[in-house]
Every structure is written in structure tokens, then in C-alpha cells.
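Student: I have a structure I would like to understand better, so I am pasting it below and will then ask my questions one at a time.
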Amino acid sequence: MLVLDQPTAQRIVERTMLAIGHSVNVMSPDGVIIASGEPRRVGSVHAAARLVAQRCEPLLIEAADVHEYPGSKPGVNLPVTVGGQLAAVVGISGSPGEVSHLADLVCMTAELMLEQAALLAAGQHRRRQIEETLLAACEGKPVPAVWFEQLGIDMSRQRVALLVEATSQKSVDQVLAPLLPAVEQRHKTALAMHLSPRQLLLFLETEQPQPGPEEVRRLLNLPLRDDVILAVGATFSTHFQMGYQSARMTLEVGRRQAPDKRDLHYADFHVAVLWHSLGPGWQQSQLQAVLDGLLDHRHGALYLRTLERYIDCDGQIPYCAEQLHVHPNTVRYRLHKVESLTGLSPFSMRDLLVLQLALVTR
């Protein structure tokens, strides 16, 4: 059942008075004036409105009959229904002979505005239901499949999890605030929820195995700017918690390891994301101890960068040397220094895995 609120009632009064030039009142079904062209009447009881609500029929009041209806004035009073239910009573002040021809216009305007308000309320209610269901799923709480079915969400569809973070109030106002309605308009199956005033979580259906940030920005029409960070998580189906956590950890790891980047992709940080998602304890300390000797050396930073580029180049020394603008033998020398300082050889697959974990989980 639609509950008429004061702001909606006031908009009806202002809109209709602008069109007809007569004072208009909007009353609740129990006869209380909610909004009026005569503000002093707001809150008073309109006896004629009660009678109209009971009979669900228009009532004309002549000047000679006003005394029969306390709180009323000469005019026309009409029931306003939405979805077959009485929602309000509207009254037009003036001689019935002068204002009766305006009754249909006022009534139709009020009904249309109330229907709009009802649709908006229904949409907001559905959005709250979606947000509550998604939040529960993202937190790993048991969510019955029937909840998703009732909301029209096909859990089996492949989706990608996205986190958009605004780092300034300006980007909150200019980017984040209009983004949600724009995405819902362009992508009917998109699911979204605000995690905080500065963070928006999105689940977009995709046919790509792992869409990149450029493709995602195009889909979202999201501008590239310094105060907006986009984190693209893993693709998934059914498991919303996995999708959400992959995007959240991509954002956290990316902010730490690549503070200047504004496009963060799960594929670029997946080892660190998976590692931190496990919530390591003493293991983290053990891994970082591997790098202690290297970091303490006066050329440690240089050897560290060489090791990172060597890993990025899939162990191809000529390619790594080209990227670093040095001779391949220089790369080999530095890698041997890494081995002597850490006790782990970059030329051994087993040792290299430990070194890579130590690097990406710093």
C-alpha cells in the first residue's frame, strides 16, 4: 500500500496550482491536510476529505454548505487512487461552478505523480533487497538460492567483480554518485552496492574469460583520472564471495605495490592476492626473512629490481637485459649476487618460486 509523504503531496500542490491558478489541498485518507496552497491549513482536519475517502466519490461544496464540513472551504474534493487503492484526496478551492472543469486535470496529475512515487519506492525497495542479499553473499553468509530467484538474478551467469574507489570528494560527486544509475540504465543485469561513500562494488555479466581495465572502463563509461581507482577482480559464477574478495584484495595489494596505477587487474597481482586472501601469519615473516640479506646490501635495491624484471620476463635473460638496457652477463652477475645474499638460486624453479612469493607478498 502506498503511503503518501509530505514532499510528494507538496509537489502535487505546486504542480497543479501552477497549471490551474487555484489553491489546491492534498489530504490523507483520514482527512488530514498534508500539503496546501494555504500553508496555515497544513495539519488541520478536512471533514469533507474524510467523507470522500469513505465513499470514494467526488464531493462538491457550495459556500452555503461549508458549515456542514468543518475545516473545509467551497470547492471540489476528489479521491485519488493508485493501483485500485485510495491513496489521497485532493481538493480545489473555489466556487464549484468555476473549478469543476479542472477536477479531471488535477486528479490525473495527482495520480500520475503518485504512480511515479510508487514506482520509485518499489525500485528503491528492490535495490535495498539486492544490496542486502549481495552483502550477505559477499560476507560468506548462507543465502538461499530462492532469494536470488525472487530478485530475478541468475547466479549461473559469468560475471566479473569490480571495485571503483573515489579518493577525493570531487570524484565522489562527479564520478561515483552518477555511476550507479548510469550503469543500471546501460546494463540491465548489472548488480551494484555501495560499500562506503567512496567505494562502489559492481558485478557485470561478461562473456570474456578476464576482461581488462580498458574494456571495463569502456563498458562503464568511466573516465581515467588520478582520483578514481578501478580494481578488476576475477570472473566467476555463483560464488559472489570469491568475486568480491578478488576485487577487494586486488585493490588492497595494488594500492600497496603500485601506488601510482589507477587501473588494477587481478591478473597482474593474482599471486599476491591469493596469498593475502589466505590470511598468512608466521609464513609471511618467513618469506620476508628471505630478502633480509639482499635488502641490507648496498646494491640490494639494484639486485631486487633485476630479480623482479627477470621474473617478469619469464626467466629469459636476453629479454631481461634488453629491458634493463644492460648486457646479459650483467643480468647473470646480479642474479648470482641474489643467490649469494639469499641462499636461493634464481636459476632453480623451486627457489625462484620462493623468491617470487617473497617479492609479491612484501
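The values are calculated or read from the model by the stated rules, or taken from the named source; none is laboratory data. Keep in mind that what you see is a predicted model, and the values were worked out from it rather than measured. No Cβ is skipped: glycine too gets one built from the backbone with ideal geometry, and neighbour counts run over all protein chains shown. For accessibility, only protein heavy atoms count, side chains too; no ligands or nucleic acids. Shrake-Rupley method; radii C 1.70, N 1.55, O 1.52, S 1.80 Å.
Student: Residue under question is Tyr244, and the condition is that it be in contact with a Cys (Cβ under 6 Å, 6 or more places away or on another chain) and not polar (S, T, N, Q); does it hold?
Tutor: Spelling it out, Tyr244 is indeed in contact with a Cys (Cβ under 6 Å, 6 or more places away or on another chain) and not polar (S, T, N, Q).
Student: Let me ask another. Looking at Gln208 and the list (1) open to solvent by 10 Å² or more (accessible area, probe 1.4 Å); (2) touching a helix residue (DSSP H, G or I) at 6+ places or on another chain (Cβ under 8 Å); (3) within 21 Å of Glu131 (Cβ to Cβ), which single condition is not satisfied?
Tutor: Among (1) open to solvent by 10 Å² or more (accessible area, probe 1.4 Å); (2) touching a helix residue (DSSP H, G or I) at 6+ places or on another chain (Cβ under 8 Å); (3) within 21 Å of Glu131 (Cβ to Cβ), Gln208 violates only (3).
Student: Take Leu119 and decide whether it is at pLDDT below 85, in a helix (DSSP H, G or I) and farther than 17 Å from Gly243 by Cβ.
Tutor: Spelling it out, Leu119 is indeed at pLDDT below 85, in a helix (DSSP H, G or I) and farther than 17 Å from Gly243 by Cβ.
Student: If I ask for residues that are at pLDDT 85 or above, within 12 Å of Leu59 (Cα to Cα), in a helix (DSSP H, G or I) and open to solvent by less than 20 Å² (accessible area, probe 1.4 Å), which ones from region 92-106 would you list?
Tutor: Pro96 - this is the single residue of region 92-106 that is at pLDDT 85 or above, within 12 Å of Leu59 (Cα to Cα), in a helix (DSSP H, G or I) and open to solvent by less than 20 Å² (accessible area, probe 1.4 Å).
Student: Let me ask something else. What strands (runs of 3 or more DSSP E), lying completely within region 150-232, carry at least 1 residues that are out of contact with any Cys (no Cβ under 6 Å at 6 or more places or on another chain), in contact (Cβ under 8 Å) with a residue 40 or more places away in the chain and of a type in the set (Val, Ile, Thr)?
Tutor: 159-166
Student: Continuing with this model, one more query. Got a sec? Which of Tyr319, Tyr333 is surrounded by 13 or more Cβ atoms within 10 Å (Cβ to Cβ), within 29 Å of Val232 (Cβ to Cβ) and at pLDDT 90 or above?
Tutor: From the options Tyr319, Tyr333, the qualifying one is Tyr319.
Student: So which residues in region 48-73 are open to solvent by 30 Å² or more (accessible area, probe 1.4 Å), in contact with a Ser or Thr (Cβ under 7 Å, 6 or more places away or on another chain) and part of a helix (DSSP H, G or I)?
Tutor: Correct list: Val66 only.
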